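Working notes for the structure below.
Quick note: the coordinates plus some simple rules give every number you see, no bench work behind them. What you see is a predicted model, and the numbers here were worked out from it, not measured in a lab. Positions of Cβ are generated from backbone atoms using ideal geometry, with glycine treated the same way; all protein chains shown enter the neighbour counts.
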Ligand code: ARG
């Protein structure tokens, strides 16, 4: 597998720095800030000059003289105080495109070392509806799992259901009040219990808000729910049996919603799966001498000198003996490290939970649970409404995922209609296209905002076919397919060697050759927005290429064959990049 042109260039410059007696790392080439002047730049001479006691421009001149005859380069110039501006030769681009054309992997180098990565995302809670916060975790987490897999890493994704907290006690006690005759509640009730769930998903979704409101208004109700949670965790048979129903009913609904988004998990584990490991986790904390009693609870102090704000202690068990959010997350680390020995665990969770994860990671490291495993909280900002506050329904409730997808699909259907697209499709295909476009709009808008920024949910903007949107990119890919289809129908789909013959050819080739770097940098920074920018830039380069050239109609045979090859690679790269964002391209539009 070939290295990227950027990597080749860095190696070339690195060797030149080394020949000047300096560290080869100074040779790092980056994409130019001024694409009108150069393709790549290297700023190493400025930093290296200091170390070498030479004038930056002199050093830059010396490096330039060493590389100027390379076949990789058409031009190298020293600019300003000592920047190197580099322009690739067309021959180097032709060669890179030739490699991309020949290979299914599109010239993307596979990661080395290959790492094993657990991605914890989605994180919906049993009995509570999924909302836009879970949507963001789902979209970003899924993109990261796709990206890391694309680069050859081994990924284990885990939805990590919230199924062990107070909401379970709330719902159980609420059901006990509303349907006291059910067999789960009598003291000492034991198996067998009914095989079917006593509540449907619709009932369950209404039970939780009712129970939660009642507990907020009444301290006794809240205490009752806490007690039920403790009993559930301690293994009370009736509660466990009812709980299993609730988890199943919720899970079925979640699987449906995630499936609609084309998001899949390797593991459907929950907080409860860590329960059997809690004892051992706590024993590890005690063995290290870091667990201490405090007001009936068991805690671990994790504050460190130099912390800007005081980090509160981790609570291993509440004064009632229940497992809390810290508890299950710590025991889950033990489970994951033991089951997979991952190199890395990523937690794709709302930025507002950063204190929680800092506490958990510190306690885990203190106890030696994370030996050899890196853990990172991949935080993200909120999805806001036009008022700048977290996005809600018109009635002021949290927007349910299902409703949101329906909204996006309806908006997409309307927009397709207006644009005169999908008109000739049979109704089934038209619906499927509207759903694919609606979901692309929502996913792309979410991923193209930098992860930690908040963004405003503006469906009208997301769903446009112009500008930096998911639907625009889908349309761009479909349009390329139709060019290729037309060429095939006319018997003219004969691909040949890429041979750059115009500025638009060149700009497109340069964008295509940068694909591998875009993937790597998006993965390294855990920032799918880099890939969104890339895909948009590529679509724009294609659009110019398409406007300026006849492709199928090009009379010169070699040129036509080169342009068809460029079009085909563009289609493949665009589709591949969109796949890493979790966006599917319809057959036609
Ligand atoms: N269920 C949690 C929530 O809704 C998110 C879980 C995230 N993952 C984790 N390992 N804590 O906020």
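In the P(r) worked out for the chain, what percent of Cα pairs fall beyond 48 Å? Working shown, then result.
Numbers: 42925 of 173166 pairs.
Within the chain, distances greater than 48 Å cover 25 percent of Cα pairs.
Expressed as a rounded percentage, what relative contact order does segment 1-159 have, with Cα pairs under 8 Å and six or more residues apart? Kindly include the intermediate steps, with their values, before the conclusion.
Values: 238 pairs, mean separation 27.9, N = 159.
Value for segment 1-159: 18 percent.
Taking the convex hull of the alpha carbon atoms in segment 448-523, what volume per residue do you get, in Å³?
Value for segment 448-523: 139 Å³ per residue.
Rounded to the nearest angstrom and ordered from largest down, what semi-axes does the equivalent ellipsoid of segment 470-589 get from its C-alpha gyration tensor (root of 5λ)? Could the numbers behind the result be given before it?
Working: eigenvalues 128, 51, 23 Å².
Three semi-axes, in Å: 25, 16, 11.
Output needed: percent of Cα pairs per 10 Å distance bin for segment 397-441, bins running from 0 to the one holding the longest distance.
Going out from 0 Å in 10 Å bins, segment 397-441 shows 31, 50, 16, 4 percent.
Expressed as an acute angle from 0 to 90° and rounded to the nearest 10, what is the orientation of the C-alpha long axis of helix 427-448 relative to the principal long axis of the chain?
Tilt relative to the chain: about 90 degrees.
Can you work out the base-10 log of I(q)/I(0) for segment 233-392 at q = 0.15, 0.18 1/Å, using the Debye formula on its C-alpha atoms alone?
-0.99, -1.27
Give me the percent of DSSP beta bridges within the chain that run antiparallel, rounded to the nearest 5.
On the way: 22 of 41 bridges.
Looking only at bridges with both residues in the chain, the antiparallel portion is about 55 percent.
Please check which bits of segment 167-185 a label hung off residue 196 would reach, taking the label as a point 7 Å along Cα-to-C-beta and the cut-off as backbone N under 16 Å.
Those under the cut-off are 182-183.
Share of Cα-Cα pairs in segment 81-187 beyond 15 Å, in percent? Let's see the in-between values first.
Working: 4396 of 5671 pairs.
Of all Cα-Cα distances in segment 81-187, 78 percent exceed 15 Å.
If packing is taken as the average number of other Cβ atoms within 10 Å across a peptide's residues, how do 145-158, 334-347, 456-469 rank, most packed first?
On the way: 145-158: 20.8, 334-347: 18.4, 456-469: 16.2.
Most protected by this proxy first, the peptides run 145-158, 334-347, 456-469.
Helix 5-19 versus the longest principal axis of the chain: what angle, 0 to 90°, nearest 10, using Cα atoms?
70 degrees
Could you bin all the Cα-Cα distances of segment 1-145 into 5 Å bins starting at 0 and give me the percent of pairs in each, rounded to whole numbers?
Pair shares across the bins are 2, 9, 15, 15, 12, 10, 9, 9, 7, 6, 3, 2, 1, 0.
With everything on Cα atoms, drop me the angle between helix 219-234 and the longest principal axis of the chain, reported from 0 to 90° to the nearest 10.
Around 80 degrees separate the two axes.
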